[in-house]
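The values are calculated or read from the model by the stated rules, or taken from the named source; none is laboratory data. Values in this document were obtained by computation on a predicted structure and should not be read as measured data. Using ideal geometry, Cβ is built from the backbone for each residue, glycine included, and neighbour counts are taken over all protein chains shown.
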Amino acid sequence: MRRAARALLALAAFAAAGSPLFADVPVRTEQVIYTLVAFNGKDYSPTFAPESSDTVYVLANTDNFLSVRKTFVYWWPPEGRWQTEASVFNELEPGILEVRRGSGEPRLFELQRYTYFNVNGEYEQNWKVLVGDAADAEVRRAQEIARAYLQAGEEYERQHEAYLAELRDLSGRVEKLKSLGRDWSMLKARMDSLPAPVQPRPPRDYVVPPSPVQGAFVVNLPVGRYRVRLLDHDARVLEGSEKWIVSHAARRINGVGYEVIPGDKWTRPSESRELDSVLYVSGAADLYVSPFFEQEFNDLQYARTTDNGARGNPRIYSWSRIQQVPHAVLLLQDAAGARHRLTEEPYFVQQTRGAGLGYTIVPFTGTGDQEGSDANLKAFRLPVRDAVSESGGMTLKATDDSGKYLPGSDRRIVVVRPGRGTAALVIIVLAPLAVMAAVVIARSRLYSRNRETERRAG
Amino acid sequence: MRGRMRVALVLCRRQVFESLVSPGFYVLLSLCLAISSALTAGFAASVDSSGFDPGLSPLYRLVSGAVSGTFGASFFSRLFAEGPLPFGLAVSFLPMLAFLSVTSVFRFGHERGAGAVELIVYGPADPTAYLLAAFLKDATLCILSLAALSAAVLAAGAFVHVLPGRLFVLTLAVVALASLAVFAYGALCSTLLSTVTSALALFIGIQLVFALLFVGGFALVSEPVRSVSFVAAAALQWVSPLFYCSLCFRAAEAAQGAELAGACLLLAVLSASLLAVGHLVIRETGVRA
C-alpha cells in the first residue's frame with residue numbers, strides 16, 4: 001500500500017516537473033490551402049481556406065485572386081483560428097484551376113500575374129485590377145512615384161538643413177553686430193526674406209498603392225455554387241485541392257447607412273446600418289454624421305468572404321458599408337416640425353488649452369490655429385443637444401446631389417432620458433398585485449358573508 | 001355548431017372568471033411587467049452620446065452576450081434596430097405564455113382524471129365544446145395580458161423617450177398568433193393522453209423540440225449540427241409555430257407584404273388544424289380518464 005502511494009507520488013512529481021517540457025506548442029502541419037484576395041464590395045481582403053474548410057466564398061461578378069499553395073498551418077487557440085506560417089514554407093502550386101457548376105462545362109483558369117490598387121478619387125470606390133505586363137508597369141510606375149517623393153523629401157531635408165544653417169549664421173552675425181553696436185537691419189531684412197524650402201506633398205496618385213505583383217487565378221463568377229480543383233499540366237488533380245466556391249451577391253443594394261461621430265468621442269464612431277431604424281442617443285454631444293451606401297449580404301457568406309474562418313449566421317442578412325454617398329444633402333426635421341437642409345462641412349478638432357484633456361469640434365476655416373492643417377472630418381452636424389427636452393425626436397433623410405430622395409435613408413434620432421419615471425414603473429409593476437389583493441379580499445368577504453347567511457339559515 | 005360555440009363561450013366565461021379570481025394570473029402578469037420594465041429602463045441606461053452600447057448596463061451586457069453569442073452580432077443589432085420594445089414585449093410575455101398553456105394542460109388532465117369533464121358533457125356540452133372553451137379561455141387571457149403588457153411597455157418607453165415602431169406592432173401580432181398555436185398544442189396534448197403528467201410531458205417535449213430546431217437553425221453552430229438541424233427541421237418545421245414566426249419577421253424585414261400576410265395566415269391555419277385534430281381525437285377517445 002505504502003509502495004503504491006510512493007509510486008503515485010513519484011508519478012505526480014514527474015508529471016509536475018515535466019509539464020513545462022510539454023507546454024502547448026501548436027503543431028504545424030503541411031497543408032494544401034487556397035489563399036484568396038477577395039473583393040468585398042469596398043476593398044480587397046486577404047484570407048485563406050485550410051484543409052478543414054471546404055468552401056471559399058467570393059462576391060459574384062467581381063475579380064478575385066485565388067491561388068493554391070502548400071504551406072505550414074497550425075491551430076492557434078488564443079484566437080480560436082487557423083494560422084499559416086508562410087515565412088518558412090510557402091509554395092505556389094502551378095497548374096490550371098478547373099471550376100465547374102453542377103454537371104456543366106468546366107471553366108479553366110490560368111495563373112496570371114496581377115496587381116490591384118485604389119486610385120485617388122473624391123470618394124472611396126476606385127479599385128482597379130491589372131494583369132500581366134500592365135500589372136508590372138503599374139507597380140513600376142508606383143515605385144517611381146514613391147522614389148520621386150523620397151528624393152524630393154531628401155532634397156527638402158538638404159534644403160531645410162541649409163536654410164536652418166543660413167538662419168543660424170545670419171542670427172549669429174546679427175548678435176555679433178548687436179554686441180558691437182553696429183547696424184544690423186540689413187541682415188535682419190535678409191533673414192526675413194530668406195525663402196523657406198517647401199515640404200513636398202505626399203503623392204496623391206493612389207489611395208492604396210498597387211499590391212506587389214503575384215501569381216493567382218483571377219476568378220470572376222456569376223452567382224452559384226461551384227466545384228473547384230487544381231489540375232497539373234497532365235490533367236491530374238492535386239490532392240487536397242478539391243473544394244467548393246460559393247459565389248454570392250447582395251440581396252438588396254443602395255441602402256443608406258450613417259457613420260455617427262459623437263462630438264465628445266470623435267475617435268469612436270458608430271454606424272447606423274439598419275434601414276428606417278431609430279438612433280437613440282444620450283444628447284450629451286452633437287452628432288456628426290456621414291451617409292454611406294450599403295449592400296445587404298448573407299451574414300455568413302459575407303463574413304467568410306473577408307475571413308474564411310469567421311463566424312456568421314447563414315439565416316440572416318446584414319448590411320455592409322460600401323462607399324460614401326457622393327454630394328449628399330441631409331434633410332432634418334426637428335420635433336417642432338421645422339425643416340432644415342444640411343450640407344457636408346469640414347470640421348477641425350481643437351485640443352483644449354491647458355493641462356486638462358479634451359477637445360472641441362469647430363468649423364474648419366484654415367486660418368489661425370488651423371493654418372497649415374487639414375480638416376479632421378467632413379460631416380453633417382446634427383444639433384442633438386438642442387433636442388434633449390423633446391420627446392418626439394428628429395427625423396433625418398438623405399438626398400443625392402440632384403435632390404432625389406434616397407430610399408432607406410430615413411432615421412429617427414431620439415434623445416433618451418434614463419432613470420425617469422421609476423416610481424411610476426414600480427406602480428405599474430405592482431398594479432396587478434394590488435388588483436389581486438383586492439380580488440382576494442373581495443372573495444374572502446363574499447365567502448364569509450355566504451357562510452354567515454348559511455349559518456343563519458341553518 | 002352554433003350551439004356548441006355558445007356552450008364553449010359559457011364555459012370559457014366561467015373559466016376566465018375562475019382564473020381572474022385566483023392569484024396566479026396576477027403574479028405572473030406582475031412578473032412580466034417587471035421584466036419588460038427592466039428591459040426598457042436598462043436600454044435607456046445603455047445609451048450614450050454615440051448610441052446604444054450594451055456594455056454600459058449589466059442587464060444588456062448579459063442580453064447582448066447571450067443573443068450575440070448564440071445568434072451572432074448582426075442578429076443582435078437587427079433585433080434592437082428599432083429599440084428595446086419588440087424584444088421586451090416578446091421576452092416578457094414568455095412566462096405568461098408558459099403559465100397559461102401549462103395550467104390549461106394541467107387543468108384539462110386533472111378535471112378529466114377527476115371525472116369533472118365527463119360530468120359536464122352529460123349536459124348540453126360535448127367534449128369538443130369543452131376543448132374549445134379551454135382554448136378560448138387561454139386566448140382571452142392571452143389577449144388580456146398582452147394588452148396590459150403592451151400598455152406597460154409603451155408607458156415604460158414613453159418615460160425614457162423610447163418609441164414604438166412597426167416592428168413592435170408586428171411583434172405584438174405575431175406573438176398573439178403564435179400563442180394561439182401553442183395553446184392549440186396544449187389542447188391537442190390534453191386530448192391525446194389521459195393522465196396529467198403524460199400530457200404535460202408531451203406538451204413540454206413538443207415545445208422544447210420546436211425551440212431546439214429554431215435555435216439549431218438560427219444559431220451559430222458548427223456545420224454538422226446545422227445540417228442535422230436542417231434535416232430535422234425539413235420534416236418538423238411545418239408544424240412549428242416558431243418557423244412561421246421567423247417567416248413573418250423575414251417577410252417584414254424584406255418588406256414583402258403578401259408573404260407577411262401569408263405567414264400570419266399560416267400561423268392561424270396551424271392553430272385551427274391542431275384544434276381540428278384535437279376535436280377528432282377527443283371524439284374518438286372520449287373524455288373518460
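Scan B:Ala156, B:Ala151 and give me the residue that is over 30 Å from B:Ser273 (Cα atoms) and crowded, with 23+ Cβ neighbours inside 10 Å. Of the residues listed, the single one that is over 30 Å from B:Ser273 (Cα atoms) and crowded, with 23+ Cβ neighbours inside 10 Å is B:Ala156.
The condition (being surrounded by 16 or more Cβ atoms within 10 Å (Cβ to Cβ) and under 21 Å from A:Asn254 (Cα atoms)) is satisfied by just one residue among A:Leu377, A:Leu382, A:Leu406: A:Leu406. Residue check: is A:Arg411 among the basic types (Lys, Arg) and surrounded by 16 or more Cβ atoms within 10 Å (Cβ to Cβ)? In short, yes. Among the residues of segment A:274-292, write down those that are more than 7 Å from every other protein chain (Cβ to nearest Cβ) and assigned to a loop (DSSP other than H, G, I, E, B). If the condition is that a residue be more than 7 Å from every other protein chain (Cβ to nearest Cβ) and assigned to a loop (DSSP other than H, G, I, E, B), then A:Leu275, A:Asp276, A:Gly283, A:Asp286 are the ones that fit. Annotation note: of A:Ala196, A:Ala249, the sole residue that is touching a helix residue (DSSP H, G or I) at 6+ places or on another chain (Cβ under 9 Å) and not charged (D, E, K, R) is A:Ala196.
Checking the structure you have, find out if any residue of segment A:386-396 is more than 10 Å from chain B (Cβ to nearest Cβ), of a type outside the set (A, V, I, L, M), touching a residue at least 40 places away in the same chain (Cβ under 8 Å) and outside any helix (DSSP H, G or I). So far as segment A:386-396 goes, yes, one or more of its residues are more than 10 Å from chain B (Cβ to nearest Cβ), of a type outside the set (A, V, I, L, M), touching a residue at least 40 places away in the same chain (Cβ under 8 Å) and outside any helix (DSSP H, G or I). Meeting the requirement of 3 or more residues that are within 30 Å of A:Arg417 (Cβ to Cβ) and either in contact with a helix residue (DSSP H, G or I) (Cβ under 8 Å, 6 or more places away or on another chain) or not acidic (Asp, Glu) (or both), the helices (runs of 4 or more DSSP H) wholly within segment B:1-86 are B:23-45, B:58-71, B:73-79. Looking at segment A:293-371, the strands (runs of 3 or more DSSP E) lying wholly inside it that each contain 2 or more residues that are surrounded by fewer than 20 Cβ atoms within 10 Å (Cβ to Cβ), in the same structural domain as A:Asp400 (by TED's automatic domain parsing) and charged (D, E, K, R) sit at A:339-342. I'd like the full set of residues that are surrounded by fewer than 22 Cβ atoms within 10 Å (Cβ to Cβ) and under 25 Å from the mean Cα position of the chain (by Cα), limited to segment A:54-77. Selection gives A:Thr55, A:Ala60, A:Asn61, A:Thr62, A:Asp63, A:Trp76, A:Pro77.
Residue by residue, here is whether (1) at the interface with another protein chain (Cβ under 9 Å from one of its Cβ atoms); (2) buried (at least 17 other Cβ atoms within 10 Å of the Cβ) holds:
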| site | (1), (2) |
| --- | --- |
| B:Arg2 | no, no |
| B:Cys12 | no, yes |
| B:Phe25 | yes, yes |
| B:Ala44 | yes, yes |
| B:Ser68 | no, yes |
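Which residues, taken from segment A:231-253, are outside any loop (DSSP other than H, G, I, E, B), more than 14 Å from chain B (Cβ to nearest Cβ) and either more than 19 Å from A:Phe217 (Cβ to Cβ) or within 23 Å of the chain's Cα centre (by Cα) (or both)? Of everything in segment A:231-253, those that are outside any loop (DSSP other than H, G, I, E, B), more than 14 Å from chain B (Cβ to nearest Cβ) and either more than 19 Å from A:Phe217 (Cβ to Cβ) or within 23 Å of the chain's Cα centre (by Cα) (or both) turn out to be A:Ser247, A:His248.
Of the residues making up segment A:178-222, those that are of a type outside the set (Phe, Trp, Tyr), surrounded by 12 or more Cβ atoms within 10 Å (Cβ to Cβ) and part of a loop (DSSP other than H, G, I, E, B) are A:Pro197, A:Gln199, A:Pro200, A:Pro203, A:Asp205, A:Pro209, A:Pro210, A:Ser211, A:Val213, A:Asn220, A:Leu221. Quick check on B:Val215: is it within 12 Å of chain A (Cβ to nearest Cβ) and either surrounded by fewer than 19 Cβ atoms within 10 Å (Cβ to Cβ) or modelled with pLDDT of 85 or more (or both)? Spelling it out, B:Val215 is indeed within 12 Å of chain A (Cβ to nearest Cβ) and either surrounded by fewer than 19 Cβ atoms within 10 Å (Cβ to Cβ) or modelled with pLDDT of 85 or more (or both). Scanning segment B:238-259 for residues that are away from every other protein chain (no Cβ under 12 Å), touching a residue at least 24 places away in the same chain (Cβ under 8 Å) and in a helix (DSSP H, G or I) yields B:Val239, B:Pro241, B:Leu242, B:Tyr244, B:Cys245, B:Cys248.
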